[in-house]
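Encoded as structure tokens, the structure appears first; notes follow it.
Rule-based calculations on the coordinates, nothing more; no lab input. Predicted model only: the values in this text are computed from it and were never measured. As a convention, Cβ positions derive from the backbone with ideal geometry for all residues, glycine included, and neighbour counts pool all protein chains shown.
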Amino acid sequence: MAQATAAIRRAQPGETVTPPTNAEIMFDHHSADHADNWVSVYENMRDKCPVAHSSSYGGFYVLTKYADVAAAIGDDDTFSSLNQQEEGSIFGGIIIPPSPMVSCPVEMDPPDFHGYRKLLNPYFTPRYSNSWEPFTRDVTTAMLNRVIESGKLDLIHDLASPVPALLTAKLLGLPLHDWRLYSDISHKVVYTPRDTPEFDETTKGLLEILAKVQLVVDERRVEPKDDLISALTQATVNGSPLSSERIMEICHLVIAGGNDTTTALLSNAFAWLQEHPDQLEWLREDPSRLPAACEEFLRIFTPTQGLARTVTRDVEFGGHQMKRGDRVLLAFASANRDPEAFPNPDEVVLDRFPNRHQAFGLGIHRCLGSNYARMEFVVVMEELLRRLDDLDVKLDAAHRYESVGIVNGWVDMPATFKPGERFDSEFEKEFF
Ligand code: HEM
């Protein structure tokens, strides 16, 4: 059961605080109960125990208020992102429980982190990301062409999953004829419950993708082209070339960070707009409203619900005496609905302004791909509004993720629409 069971009072400035023992709660962000009730669970926690402690997964604190998440994430000396796989290490990286696969640079701390972030920055600027808009639109057109004459599609399998998968593959320099594998696996790996035969199958698929990445890394070392993997094979950080292992850690992060998060953003928007047809029409009337709507969907659904840190030194935080090695979950999803940061936080206001949500995190690790995600959202929604008339999303037949512990998404989402005509697409000519 994921619920806040007890209340604590927050410390006043200058007040000596006895470590609260009644802030121990039953909380498991991966549980099905949490997936169903995260909005009310977090509301309850913000009210009663904004910094709480759960004994799940070896124990961790949960920060639920906007200001507390911002304070912790801004203090990367005290709240470390490092994932160190060595025996006995206290550093568990940004996932609870820790991921066995280290992600670079998101699971690194300064000073090592800075060289990698600097290397990646030019490939993620607003200008460079937006230069991929024509490719993204062409791929979206191709995906819609596959279904446009039939009058039905699965909004996730046929659209919201393939488009980000293809964009990240192209950005990295992976062969695009494997697009179905990238799309299916990067989606399934996020929602398939561990310890099931389906998960073993998905893991095999992921290893297949990583083997393809490794092949491209080896090729580009010898013969570089104009893509991110080539840039990584030719680069140096602090005077040394990047090992293949390090390049794989970066590629894995770009695939994992870039694909299903954007899929989840789009899917939640599709579902919400089905239930608010007047708002769908409002966007159709003037698609220049889409960028602001994107920010509001990011805030209200928070595709990446929360990520973790490890405490590097004994510190008092939010009335708690945290110890070196303690793990802390930064609940972005809760921060984004904190009434102290957003008026009427549970209301969706598509032109909300200002909208300083934490969906992309904050601080030195703030999402590198935010400009890609925003551009993809706008392009996919524009094409959907332009081409899918009478869209009817079958929410009764759609399925949410059983766990929203990391990504808050949907497994599938069938829909019907008025059949239309095919549009010209270069991607379609080459790959279908
Ligand atoms: C809606 C879509 C997305 C969401 C909600 C999202 C969310 C996040 C968040 C919360 C972080 C911060 C991690 C931390 O503080 O520990 C992050 C980092 C990152 N994201 Fe995204 N992301 C999205 C899309 C993308 C895309 C499209 C890409 C790549 C094409 C990407 C690549 C990355 C990378 C490389 C980092 C690590 C940055 C660093 O450590 O310096 N993300 N993302």
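Among 282, 410, 132, what is the fewest-to-most ranking by other Cβ atoms within 10 Å?
Details: 282 15, 410 22, 132 18.
Result, fewest neighbours first: 282, 132, 410.
Once phi is turned into ³J(HN,Hα) by the Karplus curve 6.51 cos²θ - 1.76 cosθ + 1.60 with θ = phi - 60°, what whole-Hz value does each residue of the range 313-328 show in order, with x for glycine and proline?
Values per residue, Gly and Pro as x: 8, 4, 8, 8, 9, x, x, 10, 8, 7, 10, 3, x, 5, 9, 9 Hz.
For the range 323-432, what are the per-bin percents of Cα-Cα distances with bins 10 Å wide, up to the bin holding the maximum?
The calculated distribution, bin by bin, is 10, 25, 37, 20, 7, 2, 0.
So the label point goes 7 Å from the Cα of residue 176 along Cα→C-beta, right? Which residues of the range 184-210 then have their backbone N under 19 Å from it?
Answer for the range 184-210: 184-186.
Once the other residues with Cβ under 13 Å from the Cβ of residue 249 are scored (Lys, Arg +1; Asp, Glu -1), what is the net sum?
Values: positive: 246; negative: 107, 112, 245.
Taking every other residue near residue 249 into account, the sum is -2.
Where Lys and Arg each count +1 and Asp and Glu each count -1, what net charge lies around residue 134 among other residues with Cβ under 12 Å from its Cβ? It would help to have the intermediate numbers written out before the result.
On the way: positive: 137, 170; negative: 133, 138, 426.
Net local charge, residue 134 excluded: -1.
So what are the radius of gyration and Dmax for the Cα set of the range 47-174, in Å?
Both quantities, over Cα of the range 47-174: 20.3, 58 Å.
Go through the range 126-212 and name the GluC sites (Glu not before Pro) that are in a DSSP coil and have 12 or fewer other Cβ atoms within 10 Å of their Cβ.
Values: sites: 149, 198, 201, 208; in loops: 149.
Those satisfying the criteria are 149.
Among 95, 300, what is the fewest-to-most ranking by other Cβ atoms within 10 Å? Numbers along the way, then the final one.
On the way: 95 19, 300 24.
Arranged by neighbour count, lowest to highest, 95, 300 become 95, 300.
Only four residue types carry charge here, +1 at the Cβ of Lys and Arg and -1 at the Cβ of Asp and Glu. Report the dipole size of the range 24-431 about the Cα centre in Debye, rounded to the nearest 20.
Values: 39 positive and 64 negative charges, 169 e Å.
Using only the charged Cβ atoms, the result is roughly 820 debye.
Once the piece of chain linking residue 279 and residue 243 is laid out straight, how much longer is it, given 0.36 nm per residue of separation minus the C-alpha distance between them? Spell out each step's value before the answer.
On the way: separation 36, 0.36 × 36 = 12.96 nm, distance 4.93 nm.
Roughly 8.0 nm would be gained on extension.
When the chain is modelled as a GNM with alpha-carbon springs shorter than 10 Å, which of 24, 245, 133 fluctuates the most?
245
Using the Cβ atoms and a cut-off under 12 Å, what net charge is assigned to the surroundings of residue 360, where Lys and Arg are +1 and Asp and Glu are -1?
Working: positive: 299, 356, 366, 374; negative: 295.
Within the 12 Å Cβ shell, the charges total +3.
What is the angle, in °, between the Cα long axis of helix 162-172 and the longest principal axis of the Cα atoms in the chain? Nearest 10 is fine, range 0 to 90.
The angle comes out near 80 degrees.
From the P(r) of the chain, could you give the percentage of C-alpha pairs in the tail past 32 Å? Intermediate results must be reported in sequence, preceding the final value.
Values: 34766 of 93096 pairs.
Summing the P(r) tail past 32 Å for the chain gives 37 percent.
Which entries in 118/204; 188/323; 188/429; 65/323 show an alpha-carbon gap greater than 30 Å? Please report the intermediate quantities before stating the final value.
Numbers: 118/204 33 Å; 188/323 36 Å; 188/429 28 Å; 65/323 20 Å.
Over 30 Å apart, Cα to Cα: 118/204; 188/323.
With a cut-off of 8 Å between alpha carbons and a minimum separation of six or more residues, what is the relative contact order of the range 121-276 in percent? Can you show the working numbers first?
On the way: 139 pairs, mean separation 38.9, N = 156.
That works out to 25 percent.
Where does each of 400, 313 land when they are ranked from fewest to most other beta-carbon atoms within 10 angstrom?
Taking fewest neighbouring Cβ atoms as first place, the list is 313, 400.
For the chain, take the longest principal axis of its alpha carbons; what is the angle in degrees between that and the long axis of helix 244-258, to the nearest 10 within 0 to 90?
With rounding to tens, the tilt is 80 degrees.
Using only Cα atoms, tell me the angle between helix 370-387 and the longest principal axis of the chain; keep it within 0 to 90° and round to the nearest 10.
So the inclination is approximately 40 degrees.
Quick one: Kirkwood hydrodynamic radius for the range 151-255, alpha-carbon pairs, angstrom, one decimal?
About 14.7 Å, per the Kirkwood formula over Cα pairs.
Please build a GNM for the chain, connecting alpha carbons under 10 Å apart, and tell me which residue among 215, 395, 144 fluctuates the most.
With Cα springs under 10 Å in the chain, the top fluctuation among 215, 395, 144 is at 215.
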